[in-house]
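Trainee: Pasting in a structure now, in structure tokens, and then I'll have a few things to ask.
The values are calculated or read from the model by the stated rules, or taken from the named source; none is laboratory data. Keep in mind it's a predicted model, so treat the numbers as computed, not measured. Every residue, glycine among them, receives a Cβ derived from its backbone with ideal geometry; neighbour counts consider all protein chains shown. Side chains included, ligands, DNA and RNA excluded: accessible areas come from the protein's heavy atoms. Shrake-Rupley method; radii C 1.70, N 1.55, O 1.52, S 1.80 Å.
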Amino acid sequence: MQGLHHYVETDDKIAYINLLLGIGFDTLDFGSFVNPKVIPQMKDTAEVLSRLDLSKTKSKLLAIVANVRGANDAMEHDAIDYIGFPFSISEEFQKRNTKKSIDESLIHVEAIQNKCIQHGKELVVYLSMAFGNPYGEHWSPEIAAKWSERLINDFGIKTLALSDTIGVSTPAIISPLFELLIHEFPSTEIGAHLHTAPDKWREKVEAAWNAGCKRFDGALKGFGGCPMAEDELVGNMPTENLISFAANKGIDLNLNKEKLEEAMLMASRIMA
């Protein structure tokens, strides 16, 4: 929702996320503890959380933060399982996204990781610009691998989501990067947070899957994107495409199809 131009009302957010909680997804990225002046869409995250029905769901909750202050806010809520932090290997994008340099962001990664350990939560780092750079800065798979290794080795990150922030990834880049990191760090879950044009999603998912990736992020109907990237958003990976992909592989995700259908209709209503 953070990439939408219109504000989604709090009651609609709550109803929608409660629907998602009944579908059976592993994890839901439900909100962000960020500066409301920068991302006004997320100003009601604490209220949304307080009104979610968590009594019957198996889904875990993930909240995004951009700094230690946001992490402190998130730590107050026992219902949150995961804290997500966007770490960019692009200096320009890190400043756009979190108003910090890469070196400053590493300080926050360490502090947030320590807080997660203290509060029984897990830090998920999103390695943004993992597949390319639109700002004229040098990029290579080796740079992405280097930063991944540093985050895992120096900070003990157990879940690292390689993020295609601007939708530039190709199978030729995706496959070797996932193969390398999954082989090198078997105790870390290497996930795929892919943005995509409608006609490119399958080749990207297939490349990551064949390289050993088993964790994929998606958004129903592909709504959203990163508002701090380029002027024209590249949509999120549609969750329904990931579900279709799993079915074609013979994988039963054990999802509630009726609630999924209802959630897709509601997504079209409140986010289109």
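Trainee: Please report the carbon-and-sulfur percent of the accessible area for the chain; probe 1.4 Å, protein heavy atoms only, DNA, RNA and ligands left out.
Mentor: 49
Trainee: Can I ask one more? Where in the chain are the DSSP H helices whose C-alpha atoms run 27 Å or more along the long axis and whose mean Kyte hydropathy is at least -0.5?
Mentor: none
Trainee: Taking the alpha carbon gyration tensor of the range 1-85, what are the square roots of 5 times its eigenvalues, largest first, to the nearest whole Å?
Mentor: 19, 16, 10
Trainee: From the mean inverse distance of alpha carbon pairs (Kirkwood) and the Cα radius of gyration, derive Rg over Rh for the chain.
Mentor: 0.93
Trainee: Related question: Assuming R0 = 25 Å, can you tell me the calculated FRET efficiency for the pair Lys37 and Ala272, based on Cβ-Cβ distance, to the nearest 0.05?
Mentor: Efficiency at R0 = 25 Å is approximately 0.45.
Trainee: With the chain treated as a Gaussian network of Cα nodes joined by springs under 10 Å, which of Lys146, Lys121, Lys249 yields the largest mean-square fluctuation?
Mentor: Result: Lys249 has the largest fluctuation of those listed.
Trainee: Turning to a different aspect of this structure: Relative contact order (percent) for the range 1-79, with alpha-carbon contacts under 8 angstrom and 6 or more residues of separation?
Mentor: It comes to 36 percent, rounded to a whole number.
Trainee: For the ranges 90-97, 40-47, what's the packing order if you count other beta-carbon atoms within 10 Å of each residue, average per peptide, and put the highest first?
Mentor: 90-97, 40-47
Trainee: So for the chain, averaging the separation of alpha carbon pairs under 8 Å that are six or more residues apart and normalising by length, what relative contact order in percent results?
Mentor: Relative CO of the chain lands at 18 percent.
Trainee: Go through Lys95/Lys249; Lys13/Lys60; Lys43/Lys221 and tell me which ones have a Cα-Cα distance over 29 Å in this structure.
Mentor: From the list (Lys95/Lys249; Lys13/Lys60; Lys43/Lys221), the Cα-Cα distance tops 29 Å for Lys95/Lys249.
Trainee: Another question, if that's okay. With each label point set 7 Å from Cα along the Cα-Cβ vector, what nm distance links Leu265 and Arg215?
Mentor: In this crude spin-label approximation the distance works out to 3.4 nm.
Trainee: Per DSSP H run of n ≥ 4, the term is -39500 (n - 2.57); total these for the chain, divide by its residue number, and report the mean residue ellipticity at 222 nm rounded to 500 deg cm²/dmol.
Mentor: Only helices count here, giving -13000 deg cm²/dmol.
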